[in-house]
Amino acid sequence: MVTETNTHVSAIKIEDLTVAYRDKPVLWDVDLDVPAGVLMAVSGPNGAGKTTLIKSILGLIKPVAGQVQVFGMSYRQNRKTVAYVPQKSSVDWDFPTDVLDVVLMGRYGHLGWIKRPGKKDKDLAKEALDKVGMLHLSYRQINQLSGGQKQRVFLARALVQDAMVYLMDEPFQGIDAVTERTIIGLLKELRSLGKTVLVVHHDLQTVKEYFDRIALLNIRLIVAGAVDDIFTDENLKKTYGGLKTF
Amino acid sequence: MLGEIFSDYTLRTVSIGSAVVGACGAVIGSFAVLRRQSLVGDALTHSALPGIVLAFIVTGSKDISVLLTGAFISAFIGAAFMRFIIKNTQIKEDTSLGIVLSVFFGLGIVLLTYVQKQPDATQAGLETFLFGQAATIMQRDVVFMSVVMLVILGVVFTFWKEFKLLVFDAEYGQSSGFNMRYMDILLTVLMVLAIVLGLQTVGVVLMSAMVVAPAASARQWTDKMGIMVLLSAVFGAFSAVIGAVVSSLYTKLPTGPVIVVVLSSVVFVSLVLSPRRGIFWQLVKYEKNKRALRLEATLAALRELSMQHEDKCHGHEECVLRVMKSEGAPLGKTLRLLSQKGWATEVTRGKWAITEEGLKEADKFLHLIKDNNQ
């Protein structure tokens with residue numbers, strides 16, 4: 001599946017990561033190596049720290065201890081190689097703008113301060129919208145989108161970032177079956193282009209079908225590795241405390 | 001009246017000054033409303049009051065630039081205090097707003113009362129900052145205010161893209177390499193500037209209306225952020241000018257409350273009459289949808305009945321149709337509408353059949369339903 005020559009290049013390397021809100025640990029001493037070119041799920045129960053893990057990689061949350069490296073450098077130094085798809089519930093979709101404008105935000109990081117997006121950026125945004133099957137809705141108000149369409153808009157925004165690593169927070173939450181197929185198709189395409197994709201994923205039923213690697217998280221990292229090796233009842237019990245079996 | 005405004009020196013000064021105040025508050029207010037931080041403006045205006053009075057106590061001067069400098073510092077401290085509370089305690093944002101608003105305003109009132117109890121009369125007029133008095137604006141002030149407005153608009157224009165990120169998706173903005181904390185602070189500074197500008201005209205108590213009302217109204221009319229900000233500025237300037245002129249023509253009427261009365265009518269019209277978002281048009285749309293659904297349901301029933309007969313023109317009793325369609329809807333009216341459109345015909349009295357046209361129409365929307373379900 002994944003060629004072994006790829007595995008020794010780390011796209012993301014997390015060491016001793018500990019995050020706490022006030023006195024409560026949210027992540028505890030997490031070490032995780034995400035090899036370049038894999039499609040990896042991050043799973044675990046509610047409150048396991050999955051979103052926190054993603055946000056820590058992006059430097060949005062300051063850890064108590066530990067460090068994160070993206071291709072051997074800090075996120076700050078290498079941020080242009082990382083694209084981010086937040087949970088779609090994290091923004092107010094009644095914001096007065098259209099689909100194309102949101103996707104263009106994916107170009108802002110490349111543009112830097114003050115400079116406005118130009119024709120080239122618009123072309124790239126439309127290309128990305130075409131990939132997610134939303135080109136005909138470019139000028140649709142974002143408050144008129146379905147859940148699946150919102151998720152596609154966010155995915156298109158990440159695609160125009162033209163990154164090496166894609167971090168996605170629950171992209172399959174609350175969407176229709178067609179959108180789910182579209183998204184997983186695109187993620188597999190990204191992997192085949194040598195990109196690295198890390199996805200917070202809830203639905204254990206689809207793990208084997210969608211991903212080649214998985215990290216099971218419950219504040220501590222329980223186990224991480226190839227789905228074929230570690231996606232076992234025993235590991236799931238360790239992660240979910242015996243509540244879920246597969 | 002318009003001619004009067006531009007020939008009369010005082011009225012002209014008051015109008016221009018108020019327009020500037022209204023536009024600035026409304027532009028910055030748009031961002032606050034979109035960020036769901038409408039009440040931040042309220043807390044900041046109230047926290048400007050102790051600064052005004054303290055500036056007077058310290059300098060003994062009633063020069064407007066001195067007093068507004070005090071107001072600026074005080075409001076900014078209020079903003080910083082609010083941020084400090086949210087960051088370092090378990091207290092939530094709304095509560096910290098309440099704390100800052102009441103503590104600073106209370107302190108301001110205490111200081112104001114203390115100053116007013118002094119035997120000399122030099123403090124007279126400070127209380128106009130509570131409800132504003134547009135008539136006190138001088139031409140010199142207007143120049144200063146216009147400069148501040150240009151600065152505010154210039155910064156908003158320059159950092160348009162970054163402000164949009166801050167408002168819509170700050171975390172994504174941060175992950176894209178923009179320091180959103182700087183943008184947040186910059187927006188707060190602009191807001192304090194806009195508020196301080198309006199203290200003389202609108203006053204401490206009601207300045208927040210100048211921040212929230214035009215923006216909330218503008219949101220009703222448009223789905224584009226740029227147009228919303230422009231429209232908000234127009235609403236704000238318009239209301240401020242009307243309010244200021246009216247209050248100046250009738251002496252001793254405080255300006256702030258008059259402006260708020262004008263603003264209220266703008267808000268009312270926007271909430272009720274704006275297309276798409278307005279309450280009135282939503283009701284109209286709802287009724288229209290209901291009628292269309294009734295037509296379709298009855299047409300579908302007629303189609304189904306016609307399938308059971310060789311003779312397509314066979315008439316069906318109204319009572320049968322009444323059972324088949326959704327309850328509560330007036331059948332007679334719906335059938336009459338259908339025959340007007342040529343989709344159904346009354347074969348004999350009280351007996352109805354679907355027409356060829358009607359069949360085509362029914363097939364059309366039944367297909368639509370099927371497509372949507374796929």
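The values are calculated or read from the model by the stated rules, or taken from the named source; none is laboratory data. Note that the structure is a prediction, hence the values are computed from the model and not measured. Neighbour counts run over all protein chains shown; Cβ positions are idealised from the backbone, glycine included. The area values use the complete protein model at the heavy-atom level, side chains included, leaving out ligands, DNA and RNA. Shrake-Rupley method; radii C 1.70, N 1.55, O 1.52, S 1.80 Å.
Descriptive notes on the structure:
- A single member of A:GLY44, A:GLY37 is small (Gly, Ala, Ser) and either within 10 Å of chain B (Cβ to nearest Cβ) or farther than 20 Å from A:LEU186 by Cα (or both), and it is A:GLY44.
- For segment A:186-208, filtering for residues that are open to solvent by 10 Å² or more (accessible area, probe 1.4 Å) and hydrophobic (A, V, I, L, M, F, W, C) leaves 4.
- Where helices (runs of 4 or more DSSP H) fall entirely within segment B:305-374, those with at least 2 residues that are at pLDDT 80 or above and closer than 19 Å to B:ARG291 by Cα are at B:331-340, B:356-373.
- Selection status of B:LEU39, open to solvent by less than 30 Å² (accessible area, probe 1.4 Å) and in contact (Cβ under 8 Å) with a residue 24 or more places away in the chain: no
- So A:PHE211, is it out of contact with any Phe, Trp or Tyr (no Cβ under 8 Å at 6 or more places or on another chain), crowded, with 17+ Cβ neighbours inside 10 Å and within 14 Å of chain B (Cβ to nearest Cβ): no
- Residue check for A:ASP94: open to solvent by 10 Å² or more (accessible area, probe 1.4 Å), among the charged types (D, E, K, R) and at the interface with chain B (Cβ under 8 Å from one of its Cβ atoms): no
- Complete set of residues in segment B:235-268 that are within 23 Å of B:VAL27 (Cβ to Cβ), touching a residue at least 24 places away in the same chain (Cβ under 8 Å) and open to solvent by 50 Å² or more (accessible area, probe 1.4 Å): B:PHE238, B:SER264
- Every residue from segment B:169-187 that is crowded, with 22+ Cβ neighbours inside 10 Å and touching a Leu at 6+ places or on another chain (Cβ under 8 Å): B:TYR172, B:GLY173, B:SER175, B:SER176, B:LEU187
- A:ILE219 open to solvent by 20 Å² or more (accessible area, probe 1.4 Å), within 21 Å of A:LEU167 (Cβ to Cβ) and in contact (Cβ under 8 Å) with a residue 24 or more places away in the chain: yes
- Test result for A:ASP101, under 24 Å from the mean Cα position of the chain (by Cα) and away from chain B (no Cβ under 14 Å): no
- B:THR128 fulfils the conditions (1) away from chain A (no Cβ under 14 Å); (2) out of contact with any helix residue (DSSP H, G or I) (no Cβ under 9 Å at 6 or more places or on another chain) except for a single criterion, (2).
- Selection within segment B:124-152 - within 25 Å of B:LEU111 (Cα to Cα), outside any helix (DSSP H, G or I) and touching a residue at least 24 places away in the same chain (Cβ under 8 Å): B:GLY125, B:LEU126, B:GLY132, B:GLN133, B:ILE137
- Whether a residue is at pLDDT 95 or above, in a helix (DSSP H, G or I) and within 18 Å of A:TYR166 (Cβ to Cβ) was assessed, and A:LEU198 does not pass this test.
- Scanning segment B:217-230 for residues that are within 11 Å of chain A (Cβ to nearest Cβ) and farther than 11 Å from B:GLY29 by Cβ gives B:GLN220, B:TRP221, B:THR222, B:ASP223, B:LYS224, B:MET225, B:GLY226, B:ILE227.
- Checking each residue in segment A:104-125 for being buried (at least 19 other Cβ atoms within 10 Å of the Cβ) and either facing chain B (nearest Cβ under 10 Å) or touching a Ser or Thr at 6+ places or on another chain (Cβ under 6 Å) (or both) picks out A:LEU104, A:MET105, A:GLY106, A:ARG107, A:TYR108, A:GLY109, A:PRO117.
- Restricting segment B:137-168 to residues that are open to solvent by less than 30 Å² (accessible area, probe 1.4 Å) and under 12 Å from B:ILE16 (Cα atoms), the residue that is nearest to the other protein chains (Cβ to nearest Cβ): B:MET145
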